[in-house]
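Student: A single structure is presented below for examination.
The values are calculated or read from the model by the stated rules, or taken from the named source; none is laboratory data. Remember, it's a predicted structure, so these values are computed and weren't measured experimentally. No Cβ is skipped: glycine too gets one built from the backbone with ideal geometry, and neighbour counts run over all protein chains shown.
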Ligand code: HEC
């Protein structure tokens with residue numbers, strides 16, 4: 001088998017292009033192109049916990065509080081806790097059976113669409129705004145001392 005110089009040049013050119021693409025991706029130049037990017041940012045927990053406190057007050061406290069169970073379970077310590085694991089709250093069987101640990105990624109998925117994440121759960125609420133989710137997750141993390 002013979003390899004021409006022309007082919008070798010093409011291989012080098014492809015290699016160089018791959019390096020450039022990898023660098024652009026690593027530096028976030030493709031953020032707008034990748035649907036994954038906002039979710040990854042949320043997963044990094046770059047939210048603002050002060051703004052999150054306000055969002056929590058307006059969007060979550062109809063059903064939740066930090067220290068008392070209401071329609072939903074109390075939240076202090078929820079970050080890092082196994083889903084559905086408080087002894088004194090009556091969860092749906094689905095949430096109780098879940099083995100998810102609440103962190104940036106799982107909370108982001110839960111708040112985006114709880115039913116898609118844990119089918120059969122009972123939280124009838126979604127937080128559609130990416131930045132609001134990031135901020136409220138930062139707040140829950142702070143209040144959990146995590
Ligand atoms: C309409 C009422 C309602 C609203 C509003 C609501 N939740 Fe819930 N939430 C629930 C219920 C009910 C559950 C328990 C679900 C189950 O047992 O399946 C729950 C469960 C949770 C859990 C799981 C906790 C655990 O112990 O595993 C988290 C986390 C959570 N909610 C976060 C939030 C956040 C953050 C907000 C505001 C952005 C919010 N919820 C708004 C009703 C609500």
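Student: For residue 138, state whether it is more than 6 Å from the ligand (Cβ to nearest atom), in a helix (DSSP H, G or I), on the phi < 0 side of the Ramachandran plot and in contact (Cβ under 8 Å) with a residue 40 or more places away in the chain.
Tutor: Criteria met by residue 138.
Student: Across region 113-135, what is the number of residues that are more than 20 Å from residue 54 (Cβ to Cβ), free of Cβ contacts under 8 Å to residues at least 24 places away in the same chain and more than 10 Å from the ligand (Cβ to nearest atom)?
Tutor: Residues in region 113-135 being more than 20 Å from residue 54 (Cβ to Cβ), free of Cβ contacts under 8 Å to residues at least 24 places away in the same chain and more than 10 Å from the ligand (Cβ to nearest atom): 3 in total.
Student: For residue 99, indicate whether it is free of Cβ contacts under 8 Å to residues at least 40 places away in the same chain, part of a helix (DSSP H, G or I) and either within 7 Å of the ligand (Cβ to nearest atom) or assigned by TED's automatic domain parsing to the domain that holds residue 139 (or both).
Tutor: Criteria not met by residue 99.
Student: Please tell me if residue 74 is near the ligand (Cβ under 9 Å from one of its atoms), closer than 14 Å to residue 140 by Cβ, in contact with a strand residue (DSSP E or B) (Cβ under 8 Å, 6 or more places away or on another chain) and in the same structural domain as residue 134 (by TED's automatic domain parsing).
Tutor: no
Student: Pull out all pairs, ordered by first then second residue, where Cβ-Cβ is under 8 Å, the residues are six or more apart or on different chains, the first lies in region 56-82 and is at negative phi, and the second is at pLDDT below 95 and more than 8 Å from the ligand (Cβ to nearest atom).
Tutor: Going by the 8 Å Cβ cut-off, the qualifying pairs are 79/146.
Student: Based on this model, can you work out whether residue 68 counts as more than 22 Å from residue 52 (Cα to Cα) and in the same structural domain as residue 47 (by TED's automatic domain parsing)?
Tutor: No, not satisfied.
Student: Next question, about the same structure. Scan region 78-96 for residues that are more than 7 Å from the ligand (Cβ to nearest atom), within 17 Å of the chain's Cα centre (by Cα) and part of a loop (DSSP other than H, G, I, E, B) and jot them down.
Tutor: The answer is 79, 80.
Student: Among the numbered criteria (1) more than 13 Å from residue 138 (Cα to Cα); (2) at pLDDT 95 or above, which single criterion is violated by residue 29?
Tutor: (2)
Student: Which number in (1) in contact with a helix residue (DSSP H, G or I) (Cβ under 9 Å, 6 or more places away or on another chain); (2) crowded, with 16+ Cβ neighbours inside 10 Å marks the one condition that residue 94 misses?
Tutor: Looking at each condition in turn, residue 94 falls short on (1).
Student: Only residues that are buried (at least 20 other Cβ atoms within 10 Å of the Cβ) and either more than 7 Å from the ligand (Cβ to nearest atom) or not assigned by TED's automatic domain parsing to the domain that holds residue 125 (or both): list them for region 50-65, please.
Tutor: 52
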